[in-house]
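The values are calculated or read from the model by the stated rules, or taken from the named source; none is laboratory data. Predicted model only: the values in this text are computed from it and were never measured. All Cβ positions, glycine included, derive from the backbone under ideal geometry; neighbour counts span all protein chains shown. Please note that ligands, DNA and RNA were not included when accessible areas were found on the heavy atoms of the full protein model with its side chains. Shrake-Rupley method; radii C 1.70, N 1.55, O 1.52, S 1.80 Å.
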Amino acid sequence: MDFLNKINNKWIKKFSYPLIIAGPCSAESEEQIIKISTKLNKDYVEVFRAGIWKPRTKPGLFEGVGEKGLKWMLKAKKKNKLLLATEIANKEHAKLALEYDIDILWIGARSTCNPFTVQEIADTLKNTKKIILIKNPLNLDINLWLGGVQRLFNNNIKNIGLIHRGFNIFPSKIYRNLPCWLEILNLKEKYPNLPIICDPSHITGNSKLIYKISKKAINFGYDGLMIETHNKPEEALSDQLQQIKPEKLTKILNKILLNKKKKENFLKNLKLYRSNILEIDENIIYNLKNRLETSKEIGKIKKIKKIEILQKKRMLNLKKFYKNICKIYGIEDEYFIQKIFEKIQKKSLEIQKI
Ligand code: PEP
Ligand code: MN
């Protein structure tokens, strides 16, 4: 991955620090685009974002306004002197975005998952001087993400950056997509040249958490933020719950940035490790809940089939299984793990007796 240290990070230095990209999840009407771009505070925001082609989970939902949205964006650029950014998900989008001279193109999380899609986009954008940002894939596969960067780089595209929008590890009740900060800071430590922007909107899925996550990202040393902003979030045609009004964005940025004009290095600090512990603990609790519910179902079957609840042979097999897994993961203190599972099994048996 040597090429990663050759990535040009000069482009990010042309912006003020931190680079703020803001605008709606989706372009919905010309009026909406002009309203939002006008209300954004230009002391902070340098790039206006809007999705024109929207990758939706289910068919039949709002899938974006298409090409006409690019025309609206150009009007917003002219009126408000903002650079423009939009998502591209195939070669037709890439061609159109170049044709309309959009300044920053980003590859969305769903597209990054598919090497064929990224390759097709990279081939179409060959030799471009535009800034190309690539969002992390949905799954926690850093190599797939960097592979996407390599596909761009191999096509003589040098102005590249990453967008961290969180990962779909388990259905968290706190985040829409888990941040996995530690993975990102490990990546940044290895490749300090790669500019990285945080997308608190898609990490949280929750307008109330945008301040907290934005602040964290800036404290960890991110190069910028991409925040979804809408004039009427409650009426937005996509991602309603996570969009904030331009006025709220200004308040958030005032609070975070007023005393923070200098970029710090990416810092691995106590706060980072503590955030990581919270994510891991939520995952443990989620899995424990699943385990207890599964146990309950087993209890029902045992009752119907009139099988003893405590099965000694099964217990011994599980002990062997844990021992083996400890070996695979290089956990030396196997006793610690066995003790935890004794407690979990005790609870499972209690549940089955009910
Ligand atoms: C978006 O930025 O609106 C978007 C669709 O993001 P992601 O690819 O992170 O889901
Ligand atoms: Mn969105």
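In region 236-354, carbon and sulfur make up what percent of the accessible area (probe 1.4 Å)?
61 percent
Rounded to the nearest 500, what is the 222 nm mean residue ellipticity of the chain from helices alone, with -39500 (n - 2.57) per DSSP H run of 4+ residues and division by all residues?
Value at 222 nm, helices only, nearest 500: -15500 deg cm²/dmol.
Considering every pair of different Cα atoms, what Kirkwood radius, in Å, is found for region 111-170?
Numbers: mean 1/r = 0.0869 Å⁻¹.
Value: 11.5 Å, from the Cα pair sum.
May I ask you to compute the full-extension gain from residue 142 to residue 186, defined as 0.36 nm times their residue separation minus their alpha-carbon distance, rounded to one decimal in nm? Spell out each step's value before the answer.
Details: separation 44, 0.36 × 44 = 15.84 nm, distance 1.04 nm.
That pair, residue 142 and residue 186, stretches by 14.8 nm at full extension.
Limiting things to C-alpha atoms, what are the Rg and the maximum Cα-Cα separation (Dmax) for the chain, in angstroms?
Values for the chain (Cα only, Rg and Dmax): 23.7, 76 Å.
With a 1.4 Å probe and every protein chain kept in, tell me what percent of the accessible surface of region 62-111 is carbon plus sulfur.
Numbers: 1150 of 2200 Å².
Of all accessible area on region 62-111, carbon and sulfur atoms account for 52 percent.
Quick one: length gained pulling residue 315 to residue 2 fully straight, 0.36 nm per residue minus the C-alpha distance?
On the way: separation 313, 0.36 × 313 = 112.68 nm, distance 4.92 nm.
The residue 315-residue 2 span can extend by a further 107.8 nm.
Measuring from label point to label point, each 7 Å out along Cα→Cβ, what is the residue 296 to residue 193 span in nm?
Distance between the two pseudo-spin positions: 5.4 nm.
So, R0 is 45 Å and r is the distance between the beta-carbons of residue 154 and residue 350; what FRET efficiency does that work out to, to 0.05?
On the way: r = 58 Å, r/R0 = 1.29.
So the FRET efficiency works out to roughly 0.20.
Over 5 Å intervals from 0, what percent of Cα-Cα pairs in region 249-336 sits in each interval?
Histogramming region 249-336 at 5 Å steps yields 3, 9, 8, 12, 16, 11, 9, 6, 6, 7, 5, 4, 3, 1 percent.
With viscosity set to 1.567 mPa s at 4 °C, what whole-number translational diffusion coefficient in µm²/s follows for region 153-305 from Stokes-Einstein and a Kirkwood radius over Cα pairs?
Details: Rh = 17.7 Å.
Result for D is 73 µm²/s.
Just the number, please: percent antiparallel of the DSSP beta bridges in the chain, rounded to the nearest 5.
On the way: 1 of 31 bridges.
Around 5 percent antiparallel, to the nearest 5.
Gain in length, residue 285 to residue 42, computed as 0.36 nm per residue apart minus the alpha-carbon separation, to one decimal in nm?
Values: separation 243, 0.36 × 243 = 87.48 nm, distance 4.32 nm.
That pair, residue 285 and residue 42, stretches by 83.2 nm at full extension.
Given a 1.4 Å probe, how much area per residue of the chain is accessible, in Å²? Intermediate values should be presented prior to the final figure.
Details: 18710 Å² over 354 residues.
That works out to 53 Å² per residue.
Run the 1.4 Å probe and let me know the accessible area of residue 31, rounded to the nearest 10 Å².
Counting only protein heavy atoms, the figure is 120 Å².
Would you mind checking the radius of gyration and Dmax of region 56-178 based on alpha-carbon positions, in Å?
Rg, Dmax (Cα atoms, Å): 15.1, 43.
Of the listed peptides 323-330, 189-196, 236-243, what is their order by residue-averaged count of other C-beta atoms within 10 Å, with the highest listed first? If you can, show how the numbers build up before the last one.
On the way: 323-330: 10.6, 189-196: 16.5, 236-243: 19.8.
In descending order of packing, they fall as 236-243, 189-196, 323-330.
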